[in-house]
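Written below as structure tokens is the structure these notes are about.
The values are calculated or read from the model by the stated rules, or taken from the named source; none is laboratory data. Computed from a prediction, not measured in an experiment: that's the story for all the values here. Because the Cβ atoms are built from the backbone with ideal geometry, glycine has one as well, and the counts that use them run over all protein chains shown. Only protein heavy atoms, including side chains, enter the accessible area calculation; ligands, DNA and RNA are left aside. Shrake-Rupley method; radii C 1.70, N 1.55, O 1.52, S 1.80 Å.
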Amino acid sequence: MQTEPIQIRRPIPRPTARWQADDVEALFALPFNELLFKAQNIHREHFDPAEVQLSTLLSIKTGGCPENCGYCPQSAHFETGVEATPLMQPDAVLAAAQRAKDAGATRFCMGAAWRGPKDRDIPRVAELVSAVKSLGLETCATLGMLGDGHAEALRDAGLDYYNHNIDSAPDLYGDIITTRQFDDRLDTLHKVRSAGVKVCCGGIVGMGESRTQRAALIATLANMEPYPESVPINHLVQVEGTPLHGLPPLDPFEFVRTIAAARITMPKAMVRLSAGRQQLGDAVQALCFLAGANSIFYGDKLLVTGNPDVDADKVLLGKLGMRTS
Ligand code: SAM
Ligand code: DTB
Ligand code: SF4
């Protein structure tokens with residue numbers, strides 16, 4: 001009698017996340033020196049450890065934002081004293097970009113306090129992107145949630161990077177912002193990737209999150225396919241009038257650990273020391289470079305809050321023997 005060959009049913013291989021949040025938390029739990037040693041070794045496989053990249057920010061449209069991000073001084077929901085302004089004119093943006101280039105920046109990031117641009121805003125921002133690109137700078141924009149076709153139009157104007165942060169671990173997001181969902185962020189990030197624009201995506205620490213949530217933030221970034229080319233790690237700048245003002249400060253070593261975890265899990269990304277450098281001070285920033293940070297926001301201002309001034313940064317980088325790339 002003819003018998004049917006036995007069918008061996010193998011389980012269909014499913015893609016597994018590169019990083020489990022538990023594994024990232026285990027990195028955080030390493031003895032500090034061991035974590036930094038591991039991060040520095042990985043850093044050296046991919047980068048010159050003495051090099052740092054400089055990005056300058058400009059707020060091209062400030063304040064009056066309809067979103068209620070609990071950390072943000074530009075939200076119209078909170079009394080922070082930030083005045084709303086219209087979108088800047090191209091000549092003023094070009095002059096700021098030229099100053100940034102003269103000071104040594106290689107990337108220029110334009111930020112707008114929008115929930116997202118309207119269709120009619122896109123040609124105006126595209127004009128700004130082309131103008132900045134014509135100076136030979138890398139261009140980045142952060143405008144909120146993008147609609148269909150926006151990323152493509154900005155790409156065609158010369159946009160190299162789009163910044164859109166996930167900001168927190170998914171399970172903390174709803175405590176910080178209620179006017180949009182975590183998945184809205186992923187949707188815009190998908191649009192940016194699909195258009196072939198490079199992704200700048202990171203988060204904020206010091207928002208009252210647990211270590212488990214810091215690890216989950218890093219794991220979420222590291223599991224993106226592919227992970228972001230640029231990863232800005234912001235230390236919350238507490239601004240009076242915002243709901244997150246008055247939180248107990250984060251232990252600075254936790255900030256350094258977060259940088260190290262980002263470097264280990266995203267070995268080839270530019271890991272940027274972003275908001276909060278003024279509060280961190282020189283010694284903690286030096287530890288962050290040891291932990292694998294290789295980029296900073298450079299210039300006297302972030303979007304509306306302060307940043308170490310250019311001269312102070314030149315002195316710090318000089319003392320550490322770091323070169324700009
Ligand atoms: N409106 C756009 C958006 O939210 O994507 C772009 C500008 S928004 C100011 C860009 C990022 O700045 C936020 O995602 C957040 O990570 C960071 N940010 C804003 N306020 C901050 C603060 N007080 N401290 C640290 N980072 C902050
Ligand atoms: C990012 O991750 N941090 C920058 C940039 N991307 C747009 C913004 C920091 C803002 C800090 C508070 C302020 O000055 O508004
Ligand atoms: Fe608006 Fe962006 Fe600030 Fe949120 S972070 S309030 S979206 S400017």
Angle check, please: helix 277-290 long axis (alpha carbons) against the longest principal axis of the chain (alpha carbons), in degrees 0 to 90, nearest 10. 40 degrees
Plugging the Cβ-Cβ distance of residue 48 and residue 79 into 1/(1 + (r/R0)^6) at R0 = 41 Å yields, to the nearest 0.05, a FRET efficiency of 0.35
Exceeding the 18 Å Cα-Cα cut-off - candidates 61/191; 118/191; 61/198: 61/191; 61/198
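What does the charge add up to near residue 49, with Lys and Arg as +1, Asp and Glu as -1, over the other residues with Cβ less than 12 Å from its Cβ?
0
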Under 4.7 Å Cβ to Cβ, no partner at all: give me those cysteines from the chain, in residue order. 65, 200, 201, 288
So how much slack lies between residue 210 and residue 311, counting 0.36 nm per residue of separation and subtracting their Cα-Cα distance, in nm? 32.8 nm
Under 13 Å from a point 7 Å along the Cα-to-Cβ line of residue 23: which residues of segment 242-283 have their amide N that close? 264-267
Average accessible surface area per residue within the chain, 1.4 Å rolling probe, Å²: 46 Å²
With each run of n ≥ 4 DSSP H residues scored as -39500 (n - 2.57), what mean residue ellipticity at 222 nm is computed for the chain after dividing by its residue count and rounding to the nearest 500 deg cm²/dmol? -12000 deg cm²/dmol
Contour minus Cα-Cα span, residue 178 to residue 101, at 0.36 nm per residue, comes to 24.0 nm
Separation between the residue 32 and residue 130 pseudo-spin-labels, each 7 Å from Cα along Cα→Cβ, expressed in nm? 5.2 nm
Surface share of carbon and sulfur [accessible, 1.4 angstrom probe, percent] for the chain: 53 percent
Once the Cα atoms of helix 32-46 and of the chain are each reduced to a long axis, what angle between those two axes, in degrees from 0 to 90 to the nearest 10, is obtained? 90 degrees
Protection proxy ranking, peptides 229-239, 179-189, 151-161, average beta carbon neighbours within 10 Å, highest first: 229-239, 151-161, 179-189
Using only Cα atoms, find the angle between the long axis of helix 252-265 and the longest principal axis of the chain, and express it within 0 to 90 degrees, rounded to the nearest 10. 60 degrees
So how far apart, in nm, are the two label points at residue 240 and residue 89 if each is 7 Å from Cα heading toward Cβ? 3.4 nm
